[in-house]
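All remarks here apply to the structure that follows.
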Amino acid sequence: ASIVEPSGGVGGIAGELAADTGTCRPSGALAELCLEGWLHDGAHSCAPILPAEPCPDGFMAVPGDAECRPVMICSEDPWGEIPIDASTVFVLAGSSGDGSEAQPFGTISQAIAAAAPGAIVAIGPGVYPEDVLLTKPVRLWGSCTAEVLIQGNGQIGAVFLREGSDGSEVHDLSITGPEMGIIASGATGLWFDRVHVLDTGRRGIDVEDPLGPVEALVTRSLFERNLESGWYADGATLVVEKSALRDVGFNQGIARGVNSQSSAEGKPANVTVRGSVIERIGDAGMLSWGGHLDVEGSVIRDITPAPSQEGGLGIDVTSGTLEPVTLRVHSSLIERTFSSGIAARGAYVDVQATTIRGVAPEQLSGFLGRGMELREDDLNGWVSE
C-alpha cells in the first residue's frame, strides 16, 4: 500500500493486480486509506492538503490546512480564552500587584510561587524576560500566542518542568531563548498546546529522563528556527499532534528536526508524530538512535545535507546497542531528501500507505539516492526487517 517513486537511485512504480477485477491498477494507496486532511491523487497516493507556498513567520499549516494561518486567533478579551476560575493567579508585564485580576503580578515566577497546585496562571500580553521553573503542577495560560512571549535569559531553558510538576500545562503563548525553549525531566502528564517556540539557541523542546520518567504531549503548535533540533527525546515519551516544525539551523554541522535516543541507562525514547509537517531541516528530518518512532499522517520534506555535504535523510533509525527498535510510518509523505527517504539499521520497519519521492544522492559521496534502505546495525548485528 506504499510506493517509492523514481529517485536518484533505486525506485519505481509497478502495476498491481486487483483481485476483485482481474485488472491492473497503479500500485500504492487506495482512496479509502487517505486520512482526514489528505486527498487521493486519482492514481496511486494520498496527497496532503497544504498551501502551495511556504508559510511566513508565525504562521503554520498542517495537513488539512489549504492556507497558512496563525497558531491561534487572538480574542478582543484582554485575557483571551483563558478559563478563569476562583483560583486563577494573574500576571501582566510591567505590573507590580498582588496577583489579583485588578492588580496582577509583574512576573510569571511570582505568580507560580503564589499559585495553588493545579491552578491557572493567567498571563496577559507582553514580553516576560525570565526563565520559568515549575516544580508543582500549574497551568500556564497566555492571552494569545501572538501576544505573550517568554524570553529565556540563558540558563537551561526558558520553561523548565521538573520533579513535582506532573500534570502541568502550557497554553497559548510563545517561547524563545538562547538555550532550550522547553525542557522537561522527572514529570509526566505534561501538555503543551498552541505554543510557538522560536529562535532558540539549541532545542525547541527537550524531554529527557535524568531526573525521572517524563511524558509530554504537544498539540497544535509551531516550532521554527530552533538551532540544534526541534523536538528532542532522550529515554522519554513525546507525542506531537497537528504541529509544524521548520527551518532547523546548524550547530557544528548537526541539525535534526526530531532527535530521539536511548538514555544513558539504555531506556529507549518513544516518539509519536501525527498529522504534522516537518520541513526545511538540515542533516535529518527525523533521527533515532536507540529509540522508537511512530509517524502517521505527516509530511517530512525538504531535508538538506549538513555543511559537510553528508546526510539529508528523511528518517534515519539505528538500534545502537539496544535490542532492535521499531519504526512505523503510515499514511505519510516523505519527499525531497538526500541519500535515503528512510534508512533503518537494526529496526523492525512497518511502512504503509506512504509515498517516498524525490530522493537525491548524497552530495559528498554521490552514493545512494534510495527511497528506502534497510541494513544490519554494524554495532550489534541486528538486521532490519
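The values are calculated or read from the model by the stated rules, or taken from the named source; none is laboratory data. Computed from a prediction, not measured in an experiment: that's the story for all the values here. Cβ sites come from the backbone with ideal geometry, for glycine too, and all protein chains shown count toward neighbours. With ligands, DNA and RNA removed, areas are computed over all heavy atoms of the protein, side chains included. Shrake-Rupley method; radii C 1.70, N 1.55, O 1.52, S 1.80 Å.
Some notes on this structure:
- Mean Cα-pair separation over length for the stretch 232-326, i.e. relative contact order, pairs under 8 Å, 6 or more apart, %: 28 percent
- A P(r) calculated from all alpha carbon pairs of the chain, with 20 Å bins opening at zero, reads 29, 53, 17, 1 percent.
- Considering only Gly381, Ser75, Pro104, and ranking their Cα positions along the charge dipole of the chain that arises from unit charges at the beta-carbon of Lys, Arg, Asp and Glu, the one farthest toward the positive end is Gly381.
- Mean projection of the Cα convex hull over all viewing directions, computed for the stretch 60-117: 6.0 nm².
- 5 angstrom amide H check on Asp283, placed H, neighbours 5+ away: Thr304, Ala306, Gly312
- With the charge dipole of the chain set up from +1 on Lys and Arg Cβ and -1 on Asp and Glu Cβ about the Cα centre, the Cα lying farthest toward the positive end among the listed residues Ile120, Ala264, Gly285 is that of Gly285.
- About the centre of its Cα atoms, the chain shows a dipole size close to 380 debye [charges on the beta carbon of Lys, Arg (+1) and Asp, Glu (-1) only; nearest 20 debye].
- Remark: the stretch 198-285 carries a charge dipole of roughly 300 debye about the Cα centre, counting +1 on each Lys and Arg Cβ and -1 on each Asp and Glu Cβ.
- Accessible area expressed per residue, the chain, with surrounding protein chains retained (probe 1.4 Å, Å²): 39 Å²
- For the stretch 149-254, the C-alpha radius of gyration sits at 0.95 times the compact-globule guess of 2.2 N^0.38 Å, with N the residue count.
- Mean shadow area of the stretch 77-234, taken as a quarter of the surface of its Cα convex hull (nm²): 7.9 nm²
- Cα lying deepest toward the dipole's positive end in the chain, options Leu39, Ala344, Ala86, charges on Cβ: Ala344
- Taking the chain and dividing mean pair separation by its residue count, relative contact order in percent (alpha carbons under 8 Å, at least six apart): 12 percent
- Top of Asp65, Asp206, Asp316 by mean-square fluctuation, Gaussian network on the chain, Cα under 10 Å: Asp65
- Centre-to-centre separation between the Cα atoms of the stretch 97-118 and those of the stretch 266-302: 37 Å.
- Short-range pairs are left out: with C-alpha atoms under 8 Å and at least six residues apart, the relative contact order of the stretch 20-145 is 18 percent.
- Fraction of accessible area attributable to carbon and sulfur, the chain (%, probe 1.4 Å): 53 percent
- Rg to Rh, two decimals, where the stretch 149-206 supplies the alpha carbon set and Rh follows Kirkwood: 0.94
- Simple Cβ-charge dipole of the stretch 74-142, Lys/Arg +1 and Asp/Glu -1, about Cα centre, in debye nearest 20: 240 debye
- Modelled FRET efficiency - R0 25 Å, Gln151 with Ala86, Cβ distances, 0.05 increments: 0.25
- Global geometry of the stretch 282-385, whether rounded, prolate or oblate, following the gyration tensor of its Cα atoms and the 1.5 cut on a/c: oblate
- Computed with a 1.4 Å probe over protein heavy atoms only, the accessible area of Cys68 comes to about 40 Å².
- Value of [θ]222 nm, deg cm²/dmol, for the chain, DSSP H segments ≥ 4, -39500 (n - 2.57) each, nearest 500: -500 deg cm²/dmol
- DSSP-defined beta bridges in the chain - what % are antiparallel, rounded to 5: 10 percent
- Gained length - Gln103 relative to Leu39, 0.36 nm times residue gap less alpha-carbon distance: 17.9 nm
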